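Student: Pasting in a structure now, in structure tokens, and then I'll have a few things to ask.
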Amino acid sequence: MPLTAEQISSTVQASINKLIAKPGALLPILHDIQEVLGYIPPEAVPQIASALNQSSAEIHGVITFYHQFRTHPVGKHNVEICRAEACQAMGSRHLEAHAKSSLGVDYHQTTSDGAIFLEPVYCLGNCACSPSVRIGDRVHARVTPERFDALIDELRTDKLEVLNG
């Protein structure tokens, strides 16, 4: 169930109150909001700007500069497929085509059941074991389409341990 405007505002204010005294508070505040809500709602930007005595454009610029920040709700689980050269050489293009087809989404989209958000990533630092996929904070090596399907099945049935931060 989506949060109300009051709930979003309250959550944003709690993050601001908790972190405003930190030097360079903007990034910690943005990270905290995203950790709690799963994304940074556009309606939070003026509230953050006001609290930090900055313009909404400055806040928006930081949010859009860093690809880790999301401005819309995403699925329960984040699944990233590496698109770096080593992974491409070892079959990640075939893997990503399979993932998009089997999940019924494109990159930056969430499955219809709200379970999985699919994202590209441009190096997981696992080049020797390509192609790689990250689910939560765990990197999976030498992922074939069959292994991908097994990971997704485990994820959907809560049998896959997902580490987050």
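The values are calculated or read from the model by the stated rules, or taken from the named source; none is laboratory data. What you see is a predicted model; the values in this text were computed from it and never measured. Virtual Cβ from ideal backbone geometry, glycine too; neighbours counted across all protein chains shown.
Student: Based on what the data block shows, is H94 in contact (Cβ under 8 Å) with a residue 24 or more places away in the chain, out of contact with any strand residue (DSSP E or B) (no Cβ under 6 Å at 6 or more places or on another chain) and outside any loop (DSSP other than H, G, I, E, B)?
Tutor: yes
Student: Of the residues in segment 20-30, how many are surrounded by fewer than 18 Cβ atoms within 10 Å (Cβ to Cβ), in a helix (DSSP H, G or I) and among the hydrophobic types (A, V, I, L, M, F, W, C)?
Tutor: Qualifying residue count for the region: 1.
Student: Go through segment 116-163 and count every residue that is surrounded by fewer than 16 Cβ atoms within 10 Å (Cβ to Cβ) and modelled with pLDDT under 90.
Tutor: The total comes to 8.
Student: If you go through segment 53-62 one residue at a time, do you hit one that is at pLDDT 90 or above, among the small types (G, A, S) and under 21 Å from the mean Cα position of the chain (by Cα)?
Tutor: yes
Student: Kindly indicate whether A89 is in contact (Cβ under 8 Å) with a residue 12 or more places away in the chain and at negative phi.
Tutor: So A89 fits the description; yes.
Student: Related question: In segment 74-114, how many residues are of a type outside the set (D, E, K, R) and more than 19 Å from the chain's Cα centre (by Cα)?
Tutor: 13
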